[in-house]
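Novice: Pasting in a structure now, in structure tokens, and then I'll have a few things to ask.
The values are calculated or read from the model by the stated rules, or taken from the named source; none is laboratory data. Small disclaimer: the values here were computed from a predicted structure and weren't measured. Cβ sites come from the backbone with ideal geometry, for glycine too, and all protein chains shown count toward neighbours.
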Amino acid sequence: MLRVLSIDLGVIRVFLHVLAATVWVGGQLTLAALVPVLRHAGPDAARNAARAFNRVAWPAFALLVATGIWNVLAIGDAGPEYRTTLTVKLVLVLVSGVTAFLHARAGSRGGLVVFGALTGLSALGALFVGVLLAG
């Protein structure tokens, strides 16, 4: 008889966190790769794609924050190194969210570039530190 591991709330919590991170970080990388092509498709194509992405990205970011809080509560106090690493991740998540917000409202090409780069780099950094926290 085939047996599989059991599914519990911890598995669901981590699955939702990874799913949200996949949408938030992976979507940014995908959109960044598509922007040069979209610019050739028409003057509003990149902007329209970004708006469409925002409709899934922001709910994913909210889910990411909610499941991140759930993760912290489930793990509890794991020692000073863990707390320091968690603080670094929280700062990177905050920077990613704030710069994404500013990127979406940027009025100049320079603002789009700077805030877009900061959003992507901080999101990748948060993902990397999240892997450190997961062990």
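Novice: If only one of ALA60, ALA134, ALA100 is under 18 Å from ARG13 (Cα atoms), at pLDDT 95 or above and either loosely packed, with under 13 Cβ neighbours inside 10 Å or within 16 Å of the chain's Cα centre (by Cα) (or both), which one is it? Don't jump to the end; show me each part of the working.
Specialist: Numbers: ALA134 fails: at pLDDT 95 or above; ALA100 fails: under 18 Å from ARG13 (Cα atoms).
The unique qualifying residue is ALA60.
Novice: Looking at region 21-28, is at least one residue out of contact with any Pro (no Cβ under 9 Å at 6 or more places or on another chain), of a type in the set (S, T, N, Q), at pLDDT below 95 and closer than 21 Å to GLY130 by Cα? Before the answer, list the steps.
Specialist: First, the residues of region 21-28 that are out of contact with any Pro (no Cβ under 9 Å at 6 or more places or on another chain): 21-22, 24-28.
Next cut, of a type in the set (S, T, N, Q) only: 22, 28.
Cutting the leftovers down to at pLDDT below 95 gives us none.
No.
Novice: Ok, one more. List pairs: first residue in region 19-30 and in contact (Cβ under 8 Å) with a residue 12 or more places away in the chain, second residue aromatic (Phe, Trp, Tyr) anywhere in the structure, Cβ distance under 7 angstrom, at least six positions apart or on different chains.
Specialist: TRP24/PHE61; GLY27/PHE53
Novice: Within region 67-82, identify whether any single residue is among the aliphatic types (A, V, I, L, M) and touching a helix residue (DSSP H, G or I) at 6+ places or on another chain (Cβ under 6 Å), and answer yes or no. Break it down stepwise before answering.
Specialist: Here is the first cut: in region 67-82, the ones among the aliphatic types (A, V, I, L, M) are 69, 72-75, 78.
Narrowing further to those that are touching a helix residue (DSSP H, G or I) at 6+ places or on another chain (Cβ under 6 Å): none.
No.
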